[in-house]
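To start, the structure under review is shown below, and the notes come after it.
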Amino acid sequence: MVYGYFNKIMRIDLNNGNISYESHDEEYFKTFMGGSTLGAKILYDEVPKDSDPFDDSNKVIFATGPFQGTGIPGSAKWSIIAKSPLTSTLGDSAAGGKFGPNFKGCGIDALIVEGKSPKPVYIWITEEKVEIRDAEEIWGKDLYETVDLVREETNEKASIAAIGPAGELKVRYASVGIDKHSYAGRAGVGAIMGSKNLKAVAVMGKKKPEFYDEQKLKEIKTQITKALAKDERGHDLKRCGTPGGFATYNGLDNTPKKYWDGCCWSKEGEALEAAMYNDVLKVKPQPCLYCPLACHMHVSVHDEKYDIEGAGPEYETLAMLGANVLVNDLKAVAGAHDLCNKYGIDVISTGAVIGFAMEAFEKGWIDESDTDGLKLEWANPDLMLDMIHLIGKRQGIGDRLAEGTYFFSKSLGKEEYSVQVRGLDSPGHDPRLCYSLAVNYATGTRGACHYRGCPEETEIGDFLLPEFGIDKPTEYFELEGKTNLALVHQDFGAIMGSAVLCAFMFVEGEASITAYLNALNAATGWNWEVEDLVKSGERMYTFQRILNIRDGKGPEFDTMPMKFSKPAPDGFRKGKFPPFETMIKECYELRGWDDKGYVTEDKIKELNLENFV
């Protein structure tokens, strides 16, 4: 018996419409758990290492973990995984809303979509049936329209994961939107859905798997929910969402001014801070299912220029489509976020590629003959909005920018100026402030990422992980312990991505990891100690690393972008940058890899992975 799971993975072949199911033993789930690592295992077994991400051999995997179905805060999360068109290795992204619980409520743990439909389709799954439906009338619609139309055809209570026009056009950083609420933004998985002519997956279900000790699980859920509801830090998140951190981050020069070349934008950035954000955008909290924190914000702006009603900008939007391009017009940033949501493109990579294009124009690498007469100048809100339209439609210069920062910069022979790792753009957090991010980005299994490992939350926010040995705050610009901090957070991130849980329960809500471990044991009967959980994080992160290496994205891509080695001339981090070579060497030693960064046979055996790789 596999408690906490249905032990049922659905497979849909879009080539012919065949639907099949498969199951695994308990050891399989103990090893890979679910979510991102379960998806990594499927990619490792089924997607050829040298295949192009847009080949029909790629898969799109929708995956939950042992927490979906429990009703525990943070369990609205779910993962979508494919070989990324940006990195050509593990592409995983997560979202919330209410999709994860409804998906598992249909009686399945994961869905593997393979092949390519001869025409646009969407998939409709309930507890009783699975249908592959025609989507030709929906193809071409924006993401918000798609959600509404699919609900009209299915059920108003259905949860919808869909792509917009950018996914259809295979913009390499196309996102997947859920119910006009939450977004699986990173790694371009929406483009892989588009390459398969898959417009959406709609789900509705309330089934629950059999739990090992359901009564104990209910008691723990109640305790966790009450604790989170009382947490003051969590209350701050509910008031402001992630934009509440912008003032602090910008004041510390943690934001990417002028595509990572600028500093000291504190005065200009005041227009994007929380007080202005809440007032100008008419903010209302929009929580995911079961969440007492509510980091997502619904915004409403209706005037002569903007007509915005929906999910509001996150911190990353303010960073990448605000500070990064020197735009401090809050309504324009909200408009940019709204456009990205409707086209279905990642706000981080969109901001990054626009910032790089502006730098390229400024330095003369491209000119008006490349841009159809557009002057790609900094601090121009209207230009930023125009560029998002061009990217979402793959028109003009937007067609080249739709390839992503790495590929666009490479076409100019200027890839060393692109701020990315393995092809995934760096988010709005600077390793020149938080040294741990240098290693975290360099060895990130999906590329540069601040939530498959979030050590900046410890360096800036004093977030501690006592069960993992992180029991005291750190000091800025001190090297000691920073590499280990990154590795611990990567392992913790692997757990969050595979369990599948929202890390904000811990980072912002200060939830107890031990309490969630007790819930895991009540759900599954695994009877794990803290040491078992910690080891599982290392195991899952390491397996993802093995997939990177198999795909040719191994140690030679463990790099720090050139711009992060250039110290700021003034400001809080004046003269500072991380000693990357020292840190990466220490990383390999602490991980127990060889001195070139490859996972050793001894480490594979230590982690009980020898039967799986």
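The values are calculated or read from the model by the stated rules, or taken from the named source; none is laboratory data. In this text the structure is predicted, and so the values were computed from the model without any measurement. Cβ sites come from the backbone with ideal geometry, for glycine too, and all protein chains shown count toward neighbours.
Considering only segment 42-57, state which residues are surrounded by 23 or more Cβ atoms within 10 Å (Cβ to Cβ) and not hydrophobic (A, V, I, L, M, F, W, C).
The answer is PRO53, and nothing else.
Checking the structure you have, find out if any residue of segment 30-45 is among the aliphatic types (A, V, I, L, M) and in contact with a Cys (Cβ under 9 Å, 6 or more places away or on another chain).
Within segment 30-45, not a single residue is among the aliphatic types (A, V, I, L, M) and in contact with a Cys (Cβ under 9 Å, 6 or more places away or on another chain).
(1) surrounded by fewer than 24 Cβ atoms within 10 Å (Cβ to Cβ); (2) in a loop (DSSP other than H, G, I, E, B); (3) among the small types (Gly, Ala, Ser): which one isn't true of SER20, the others all being true?
If we test SER20 against (1) surrounded by fewer than 24 Cβ atoms within 10 Å (Cβ to Cβ); (2) in a loop (DSSP other than H, G, I, E, B); (3) among the small types (Gly, Ala, Ser), just (2) comes out false.
Can you name every residue in segment 473-512 that is touching a strand residue (DSSP E or B) at 6+ places or on another chain (Cβ under 7 Å), aliphatic (A, V, I, L, M) and outside any loop (DSSP other than H, G, I, E, B)?
Listed by number, the residues that qualify are LEU485, VAL488.
Among the residues in segment 142-164, are any surrounded by 22 or more Cβ atoms within 10 Å (Cβ to Cβ), under 21 Å from CYS106 (Cα atoms), modelled with pLDDT of 95 or more and of a type in the set (S, T, N, Q)?
yes
Of all residues in segment 36-70, which are in a helix (DSSP H, G or I) and either touching a Leu at 6+ places or on another chain (Cβ under 9 Å) or farther than 11 Å from ILE81 by Cα (or both)?
SER36, GLY39, ALA40, LYS41, LEU43, TYR44, ASP45, GLU46, listed by residue number.
Can you name the residue in segment 285-300 that is under 12 Å from PHE504 (Cα atoms) and in contact with a Leu (Cβ under 6 Å, 6 or more places away or on another chain) and, of all such residues, is surrounded by the fewest Cβ atoms within 10 Å (Cβ to Cβ)?
Per the criteria, the residue is PRO292.
Please tell me if ALA448 is touching a helix residue (DSSP H, G or I) at 6+ places or on another chain (Cβ under 8 Å) and closer than 24 Å to GLY69 by Cβ.
Answer is no for this residue.
Within segment 209-268, count every residue that is of a type outside the set (S, T, N, Q) and not in a helix (DSSP H, G or I).
15
Output the qualifying pairs, or none if there are none: Cβ atoms under 6 angstrom, residues six or more apart or on different chains, first residue in segment 93-112 and within 28 Å of ALA448 (Cβ to Cβ), second residue in a helix (DSSP H, G or I) and modelled with pLDDT of 95 or more.
These pairs meet every condition: SER93/ARG186; SER93/ALA187; SER93/VAL189.
Give THR154, THR126 a once-over and let me know the one that is in the same structural domain as SER88 (by TED's automatic domain parsing) and closer than 30 Å to MET297 by Cβ.
THR154
Those residues that are touching a residue at least 24 places away in the same chain (Cβ under 8 Å) and under 20 Å from CYS340 (Cβ atoms), I need them from segment 372-387; list them, please.
Hits for segment 372-387 are TRP378, ALA379, ASN380, PRO381, ASP382, MET384, LEU385, MET387.
In segment 253-283, which residues are in contact with a helix residue (DSSP H, G or I) (Cβ under 7 Å, 6 or more places away or on another chain) and of a type in the set (A, V, I, L, M, F, W, C)?
TRP260, CYS263, TRP265, ALA271, LEU272, ALA274, MET276, VAL280, LEU281, VAL283
Being at pLDDT below 95 and farther than 24 Å from LEU607 by Cβ is true for just one of ALA522, ALA511. Which residue is that?
The unique qualifying residue is ALA511.
Do we have GLY39 as within 21 Å of ASN102 (Cβ to Cβ), surrounded by fewer than 20 Cβ atoms within 10 Å (Cβ to Cβ) and within 23 Å of the chain's Cα centre (by Cα) here?
No.
Hey, among the residues in segment 395-425 that are over 18 Å from LYS553 (Cβ atoms) and of a type in the set (Phe, Trp, Tyr), which one's surrounded by the most Cβ atoms within 10 Å (Cβ to Cβ)?
PHE408
Tell me which of these ASP386 doesn't satisfy, since it passes every other one: (1) of a type in the set (Asp, Glu); (2) closer than 15 Å to PHE356 by Cα; (3) assigned to a helix (DSSP H, G or I).
(2)
Residue under question is THR31, and the condition is that it be outside the structural domain of ALA499 (by TED's automatic domain parsing), within 20 Å of GLN544 (Cα to Cα), out of contact with any His (no Cβ under 6 Å at 6 or more places or on another chain) and not aliphatic (A, V, I, L, M); does it hold?
Considered against the rule, which asks whether it is outside the structural domain of ALA499 (by TED's automatic domain parsing), within 20 Å of GLN544 (Cα to Cα), out of contact with any His (no Cβ under 6 Å at 6 or more places or on another chain) and not aliphatic (A, V, I, L, M), THR31 comes out as yes.
Of the residues GLY461, GLY428, which is crowded, with 24+ Cβ neighbours inside 10 Å and either in contact (Cβ under 8 Å) with a residue 12 or more places away in the chain or over 30 Å from LYS596 (Cα atoms) (or both)?
GLY428
Do you know which of the residues in segment 58-92 that are touching a helix residue (DSSP H, G or I) at 6+ places or on another chain (Cβ under 8 Å) and surrounded by fewer than 24 Cβ atoms within 10 Å (Cβ to Cβ) is nearest to ARG172 (Cα to Cα)?
LYS59
Of the residues that make up segment 416-431, is at least one assigned to a loop (DSSP other than H, G, I, E, B), of a type in the set (S, T, N, Q) and closer than 21 Å to ALA568 by Cα?
yes
Just one of LYS305, LYS331 is more than 22 Å from the chain's Cα centre (by Cα) and either in a helix (DSSP H, G or I) or within 25 Å of ALA161 (Cα to Cα) (or both); which is it?
LYS331
Before we move on, is ARG573 buried (at least 19 other Cβ atoms within 10 Å of the Cβ), of a type in the set (Lys, Arg) and touching a residue at least 24 places away in the same chain (Cβ under 8 Å)?
The answer is yes for ARG573.
When only residues in segment 71-91 that are of a type outside the set (A, V, I, L, M) and assigned to a strand (DSSP E or B) count, which is nearest to CYS295 (Cα to Cα)?
So, considering only residues that are of a type outside the set (A, V, I, L, M) and assigned to a strand (DSSP E or B), the one nearest to CYS295 (Cα to Cα) is TRP78.
Just for segment 530-570: of the residues that are under 23 Å from LEU38 (Cα atoms) and free of Cβ contacts under 8 Å to residues at least 40 places away in the same chain, which one is surrounded by the fewest Cβ atoms within 10 Å (Cβ to Cβ)?
GLU531
Could you list, in sequence order, all residues of segment 1-14 that are under 29 Å from the mean Cα position of the chain (by Cα) and over 20 Å from PRO101 (Cβ atoms)?
ARG11, ILE12, ASP13, LEU14
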